[in-house]
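The block underneath contains the structure these notes are about, expressed in structure tokens.
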Amino acid sequence: MQIIRDTDYLQKLQSIMEYIAQDSLNQALKFQVDLDETIDDIPNMPFKYKKSIYFNDKNVRDFVFKGYVVPYKIDTAKNQIIIIGINKYMEKLI
């Protein structure tokens, strides 16, 4: 499966990287490398992570990474995984 990183994801990641880099450029780079490794592993088991609490779609999944939630959509028809965004992790309020 091909991994597509949505522009919204890329913009939010850039902001997060800039914020982390204020304290440590090395930590910002490590964050991105570790995140990319996790994302690159998704095609091996695309349904590994829980169904998104933010979207009412069984093909949209969330994984939590170092305090951030990363939603992604599995598009089996196009053989793609689309990384939708990245946000600070917050529990859904009931």
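Conditions tested, residue by residue: (1) in contact with a strand residue (DSSP E or B) (Cβ under 8 Å, 6 or more places away or on another chain); (2) in contact (Cβ under 8 Å) with a residue 60 or more places away in the chain; (3) closer than 19 Å to residue 10 by Cβ.
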residue	(1), (2), (3)
33	no, no, yes
47	yes, no, no
56	no, no, no
60	yes, no, yes
69	yes, no, yes
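The rows are residues; the columns are (1) surrounded by fewer than 16 Cβ atoms within 10 Å (Cβ to Cβ); (2) under 22 Å from residue 2 (Cα atoms).
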position: 27; (1), (2): yes, no
position: 37; (1), (2): yes, yes
position: 42; (1), (2): no, yes
position: 52; (1), (2): no, yes
position: 57; (1), (2): yes, yes
position: 62; (1), (2): no, yes
position: 66; (1), (2): yes, no
position: 77; (1), (2): yes, yes
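With the structure loaded, tell me whether residue 19 is part of a helix (DSSP H, G or I), surrounded by 10 or more Cβ atoms within 10 Å (Cβ to Cβ), of a type in the set (Ser, Thr, Tyr) and in contact with a helix residue (DSSP H, G or I) (Cβ under 9 Å, 6 or more places away or on another chain) or whether it fails that test. Full working, then the answer.
Working: part of a helix (DSSP H, G or I): yes; surrounded by 10 or more Cβ atoms within 10 Å (Cβ to Cβ): yes; of a type in the set (Ser, Thr, Tyr): yes; in contact with a helix residue (DSSP H, G or I) (Cβ under 9 Å, 6 or more places away or on another chain): yes.
It is true that residue 19 is part of a helix (DSSP H, G or I), surrounded by 10 or more Cβ atoms within 10 Å (Cβ to Cβ), of a type in the set (Ser, Thr, Tyr) and in contact with a helix residue (DSSP H, G or I) (Cβ under 9 Å, 6 or more places away or on another chain).
Select from the stretch 37-70 the residues that are in contact with a helix residue (DSSP H, G or I) (Cβ under 9 Å, 6 or more places away or on another chain) and assigned to a strand (DSSP E or B) and list them in ascending order.
So in the stretch 37-70, the residues in contact with a helix residue (DSSP H, G or I) (Cβ under 9 Å, 6 or more places away or on another chain) come out as 48-49, 61, 63, 65-66, 68, 70.
Result: 61, 63, 65, 68, 70.
State whether one or more residues within the stretch 48-66 are of a type in the set (Val, Ile, Thr) and farther than 22 Å from residue 90 by Cβ.
Residues of the stretch 48-66 of a type in the set (Val, Ile, Thr): 53, 60, 64.
Among the residues that remain, those that are also farther than 22 Å from residue 90 by Cβ are: none.
Looking for residues that are of a type in the set (Val, Ile, Thr) and farther than 22 Å from residue 90 by Cβ, one finds none in the stretch 48-66, hence no.
Take residue 53 and decide whether it is in contact with an Asp or Glu (Cβ under 7 Å, 6 or more places away or on another chain) and either of a type in the set (Val, Ile, Thr) or more than 20 Å from residue 17 (Cβ to Cβ) (or both).
Working: in contact with an Asp or Glu (Cβ under 7 Å, 6 or more places away or on another chain): yes; either of a type in the set (Val, Ile, Thr) or more than 20 Å from residue 17 (Cβ to Cβ) (or both): yes.
So residue 53 passes the test.
Every read-out reported here was derived from the displayed coordinates using simple, explicitly stated rules and does not represent laboratory data. Just so it is clear, the structure is predicted and the values come from calculations on it, not from any experiment. Neighbour counts are summed over all protein chains in view; Cβ atoms, including those assigned to glycine, are modelled from backbone coordinates with ideal geometry.
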